[in-house]
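Shown next, in structure tokens, is the structure this report addresses.
Only the coordinates and a few stated rules stand behind these numbers; no lab work does. All values derive from a computational prediction rather than experimental measurement. When we count neighbours, we look across all protein chains shown, and the Cβ atoms used for this are built from the backbone with ideal geometry, even at glycine.
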Amino acid sequence: MTEPLIFALAKGRLLDDILPLLAVLGIEPTEALTGSRKLIFETTRPDVRLLVLRATDVPPYVERGGAHLGITGKDTLLEYGSDMLCEPVDLHLSKCRLMTATRKGVDLPKFGRLRVATKYVNVARRYFSAQGRQIDPIKLYGGMELAPIVGLSDVIVDVVDTGNTLEANGLEARDLIAHSSARLVVSRVAMKTRHALIAPIIGALNEWVNANNVS
């Protein structure tokens with residue numbers, strides 16, 4: 001019997017968006033994913049199992065063979081930065097923007113190293129390097145908006161949805177680094193070795209995106 005296809009999903013709001021879509025493919029967990037200590041779940045398709053992981057763990061699991069494919073945000077994939085992964089489908093769900101932000105009315109220092117608070121350290125390094133600026137990254141996992149207010153950083157790099165959180169904390173979005181949305185991600189190895197199972201999923205997801213005029 002062929003080993004089941006392992007599908008890695010990101011926890012949180014994205015998971016809520018993705019489960020109805022997977023149901024369209026006939027892939028539904030046989031038990032609730034939330035409120036459980038389990039990390040791997042059987043589905044209504046005996047040839048597919050689900051892993052539920054932190055969003056940042058989806059790319060390494062897929063790249064290194066712990067899962068064959070997964071769904072996570074483009075922001076996470078940009079930060080991970082692997083050429084061993086491909087993104088065959090943009091699902092156009094959970095859209096946001098990866099941006100720089102500063103205190104309102106405060107310009108960035110023109111010279112010297114910039115202090116950048118972010119969980120997207122690799123993205124920030126690449127972005128500012130392209131502008132000829134060196135940075136001192138300050139890796140944070142929450143409370144990003146507080147960093148410029150208390151003088152911890154000159155600028156933050158973070159995802160922005162409505163911008164309301166920035167506004168409430170006296171910050172403003174500045175430069176767009178990238179648009180982000182949920183992506184199907186597949187390892188290049190699995191695309192070859194498990195193509196017969198993965199190709200129909202890619203096709204069905206593309207059909208769903210087109211049929212729903214998602215853009």
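Just a few scattered comments:
- Alpha-carbon centroids, the range 1-74 and the range 154-215: separation in whole Å: 16 Å
- The three principal axes of the Cα atoms in the chain give end-to-end lengths of 62, 36, 32 Å, sorted in falling order.
- Among Asp158, Asp47, Asp17, Asp57, the ranking by other beta carbons within 10 Å of each residue's beta carbon, starting with the fewest, stands as Asp47, Asp17, Asp57, Asp158.
- Compared with the direct C-alpha span, the chain from Arg13 to Asp47 gains 9.7 nm at full extension, assuming 0.36 nm per residue.
- Contour excess over end-to-end distance, with Cα ends at Leu108 and Leu152 and 0.36 nm allotted per residue: 14.5 nm
- Between the amide H of Lys11 and those of Leu53, Arg54, Ala55, distances stay under 5 Å, these residues lying 5 or more places away or on another chain, with hydrogens modeled in the peptide plane.
- With at most 16 other Cβ atoms within 10 Å, longest stretch of the chain clear of loop chymotrypsin sites (Phe, Trp or Tyr not before Pro) (DSSP): 1-110
- Annotation: the residues Thr100, Thr34, Thr118, sorted from fewest to most other C-beta atoms within 10 Å of their own C-beta, follow the order Thr34, Thr100, Thr118.
- Looking at the range 96-146, the trypsin sites (Lys or Arg not before Pro) that sit in a DSSP loop and have at most 15 other Cβ atoms within 10 Å of their own Cβ are Lys104, Lys110, Arg113.
- Here's how it looks for Ala178: its modeled amide H is under 5 Å from those of Leu98, which are all 5 or more places away or on a different chain.
- In degrees, nearest ten, helix 13-24 long axis to first principal axis of the chain (Cα): 30 degrees
- Spin-label pair Asn210-Glu87: with each label point 7 Å from Cα along the Cα-Cβ axis, the two points sit 2.1 nm from one another.
- Helix axis angle, 195-211 relative to the chain longest principal axis, alpha carbon, degrees: 60 degrees
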